[in-house]
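Here is the structure we will look at, set down as structure tokens.
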Amino acid sequence: MTPGSLDIGGQVKSAISTMISKSGKSRWAIIAEINELANTDFQKSTLDGWSAESRGDSNAPVKILPALIMSTQQFDLIDLVGKSCGCQMLRGSESILAEVARIESTQKKLDEEKSKLQELYLRISK
């Protein structure tokens, strides 16, 4: 890590802008849903500021992130935050498949350990 390497402010604004565009909803509808879901009272101009790189002084608070995602049905921002920290978000069936793979990997290791112990037991018990 280097100083400033996690300064993703511009990318956050770009991600929010992309989420709004891909949603197919108006900014008015999105901010209304955010306000309802997050129990806030933001104006459309605030949403405009969160998504405009020219408005560096206007940053979206983290508390609206779940509402923004639910309103737009887009995950660009949470994916950006995760990737900047070395994480990847899995959704729905992806998370289930990942858990199945983890369990299978654990089972394989346990089976290998069991085989080794059984072989050791057979050598010792002779």
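All conditions but one from (1) within 26 Å of Ser84 (Cα to Cα); (2) part of a helix (DSSP H, G or I) apply to Thr2; the one that does not is (2).
Conditions (1) of a type in the set (Gly, Ala, Ser); (2) farther than 15 Å from Ser71 by Cα; (3) part of a helix (DSSP H, G or I); (4) over 21 Å from the mean Cα position of the chain (by Cα), marked per residue:
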position	(1), (2), (3), (4)
Val12	no, yes, yes, no
Ile16	no, no, yes, no
Lys22	no, no, yes, no
Lys25	no, no, no, yes
Glu33	no, no, yes, no
Glu36	no, no, yes, yes
Phe42	no, no, no, yes
Ser45	yes, yes, yes, yes
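Would you confirm whether or not the stretch 9-28 contains a residue that is in contact with a helix residue (DSSP H, G or I) (Cβ under 6 Å, 6 or more places away or on another chain) and loosely packed, with under 12 Cβ neighbours inside 10 Å? Checked the stretch 9-28: at least one residue is in contact with a helix residue (DSSP H, G or I) (Cβ under 6 Å, 6 or more places away or on another chain) and loosely packed, with under 12 Cβ neighbours inside 10 Å.
Taking the condition of being outside any helix (DSSP H, G or I) and either modelled with pLDDT of 90 or more or more than 24 Å from the chain's Cα centre (by Cα) (or both), how many residues in the stretch 90-126 meet it? Final tally of qualifying residues: 2. Taking only the stretch 56-75 into account, find how many residues are surrounded by 14 or more Cβ atoms within 10 Å (Cβ to Cβ) and more than 13 Å from the chain's Cα centre (by Cα). Number satisfying all stated conditions: 6. Scanning the stretch 47-87 for residues that are within 15 Å of Lys22 (Cα to Cα) and not in a helix (DSSP H, G or I) yields Ser51, Gln73, Gln74, Phe75.
The values are calculated or read from the model by the stated rules, or taken from the named source; none is laboratory data. Because the structure is a prediction, the values reported are computed rather than measured. With ideal geometry, Cβ positions are generated from the backbone for all residues, glycine too; neighbour counts draw on all protein chains shown.
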